[in-house]
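The values are calculated or read from the model by the stated rules, or taken from the named source; none is laboratory data. Computed from a prediction, not measured in an experiment: that's the story for all the values here. Counting neighbours? That spans all protein chains shown, and the Cβs are built from the backbone with ideal geometry, glycine included.
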Amino acid sequence: MTWTLAAALAVVVVLLLWLGQRRQQRARDAAARREAERVALEQAAHAARAQRLATEREQATAPPPGENDVQAGAVEARRLVDEGLRQADVEREAGDITRRIAGDEAARQQRDQARHDADRAAQQAEREAAEAASARRAEEAEATRIAEEARAREAAEAAAREQAAREAAEAAEAARAAEAAEAARLAAEAERAEREAAEAARLAAEARVRAETEARLAREQAEREAAAAAEAAAAAQAERERLAAEAEATRRAEEEAEQAAARAAAAAATRELRADETLVVVADDSKIVRVKLSRLLAAQSYRVALAESGEQALALIAAERPHVLITDVEMPGIDGFELTRQVRSAPDTAALPVLMITSSDDKHEAAAAVGVTQLLGKPFSEDSLLAAIERARLEVRVPA
């Protein structure tokens, strides 16, 4: 494409140069024609003058008519001389013009040759220009074809892009619709899941409440059954203790008989502690045991103070100064052994009777080590318990 444009430009430059040379040549030809016409006019004028001079010479060669004729001839001779001089000048000028015309003819021939060469160059330039124009037209046709193909491709691509855009828009719209439907479905599922979770939570709460209620009832039933079993065991133990107590009572009856006199003497100044004056502190972490002992002791007219732990029992003992302490072995915090040790370590409560209830038979040594007055096994006999309390009450004397 670049070489084609360069060739076309060269052809245009050659044509412009050729046209300039032709204009210059036409101008030179016109000037030569004007000069030739001027020379021809001068030659015609020169011929007319030569004819006139010849006529005058003929007249001058005629015989003089007289003196006046001589003078006239002299004048005419001088005129002829002058005319000859002028004719010589004219001939010289004519020679110059002829030589100049000959030079102009040579120049014209050169110009003709140059014009011929220029014509051939112009024809060659025209052929080259025609070829360049043909090539340019072919290139333009090819460029037009390529441009049309490019426009067709662009149109096809534009149509494809429009189709793709429409399809993308339709796909996006379908995707948005699907996303909206999916979001609605998920929202519905989430709402259903929330309702199900709420229902499950409610059912779980109800189940937990039922389980807790059932567990509480089971514990109460177990406690009742344990209490019944304890009562049965206590009844058996009480029977064994009753027999032992009867034997012990027989032995002590003899001792008491011996001490009766001494007590009789002391009884004159003091009296026994009445049951309704006797304060019994019951320390047990089992509510069932506390309630059972409270009812048992109240039925015997004893005053009762209840404690759920060893700490609470110590506070009651310090505040109420009880006459008997009934304690369980196993309690949270301060257990029965530690409670007995602290009671025995205080001067005001060192002699306080301590009755300890235990379900294990291997606690006797530990109970004796801390100063327990009497150890009662579970189940214990109510009679043995009341007898122990009664013995402790009888040992207490109050002013009469």
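Per-residue answers, yes or no, for (1) in the same structural domain as residue 274 (by TED's automatic domain parsing); (2) under 19 Å from residue 393 (Cα atoms); (3) surrounded by 13 or more Cβ atoms within 10 Å (Cβ to Cβ); (4) among the hydrophobic types (A, V, I, L, M, F, W, C):
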{"site": "300", "(1), (2), (3), (4)": "yes, yes, yes, no"}
{"site": "327", "(1), (2), (3), (4)": "yes, yes, yes, no"}
{"site": "347", "(1), (2), (3), (4)": "yes, no, no, no"}
{"site": "359", "(1), (2), (3), (4)": "yes, no, yes, no"}
### Query
Do we have residue 106 as of a type in the set (A, V, I, L, M, F, W, C), out of contact with any helix residue (DSSP H, G or I) (no Cβ under 8 Å at 6 or more places or on another chain) and modelled with pLDDT of 75 or more here?
no
### Message
If I ask for residues that are more than 22 Å from residue 109 (Cβ to Cβ) and of a type in the set (D, E, K, R), which ones from the stretch 32-46 would you list?
### Response
42
### Message
If I filter the stretch 304-322 for residues that are in the same structural domain as residue 281 (by TED's automatic domain parsing), in contact with a Gly (Cβ under 6 Å, 6 or more places away or on another chain) and without any contact (Cβ under 8 Å) to a residue 24 or more places away in the chain, do I get at least one hit?
### Response
yes
#### Entry: Close pairs (9 angstrom Cβ cut-off, 6 or more residues apart or separate chains): assigned by TED's automatic domain parsing to the domain that holds residue 384 in the stretch 231-254, loosely packed, with under 12 Cβ neighbours inside 10 Å anywhere
none
### Query
Within the stretch 203-215, is there a residue that is within 22 Å of residue 293 (Cα to Cα), in a helix (DSSP H, G or I), free of Cβ contacts under 8 Å to residues at least 40 places away in the same chain and aliphatic (A, V, I, L, M)?
no
#### Entry: Unmet requirement for residue 392, which otherwise passes all of (1) of a type in the set (Gly, Ala, Ser); (2) over 23 Å from residue 300 (Cα atoms); (3) in contact with a Pro (Cβ under 7 Å, 6 or more places away or on another chain)
(2)
### Query
Could you say which residue among 239, 272 is surrounded by 13 or more Cβ atoms within 10 Å (Cβ to Cβ), under 24 Å from residue 289 (Cα atoms) and modelled with pLDDT of 80 or more?
239
#### Entry: Conditions (1) in a helix (DSSP H, G or I); (2) over 26 Å from residue 221 (Cα atoms); (3) free of Cβ contacts under 8 Å to residues at least 12 places away in the same chain; number of the one not met by residue 298
(2)
### Task
Collect the residues in the stretch 310-325 that are assigned to a helix (DSSP H, G or I) and either surrounded by 14 or more Cβ atoms within 10 Å (Cβ to Cβ) or among the acidic types (Asp, Glu) (or both), keeping them in residue-number order.
310, 311, 312, 313, 314, 316, 317, 320
### Query
So which of 142, 128, 167, 154 is outside the structural domain of residue 18 (by TED's automatic domain parsing) and assigned to a helix (DSSP H, G or I)?
167
### Message
From the list 127, 145, exactly one residue is exposed (fewer than 12 other Cβ atoms within 10 Å of the Cβ), modelled with pLDDT of 75 or more and closer than 30 Å to residue 20 by Cβ. Which is it?
### Response
127
### Filtered residues of the stretch 358-391 (kept if within 19 Å of residue 341 (Cβ to Cβ) and part of a helix (DSSP H, G or I))
362, 363, 364, 365, 366, 367, 368, 369, 370
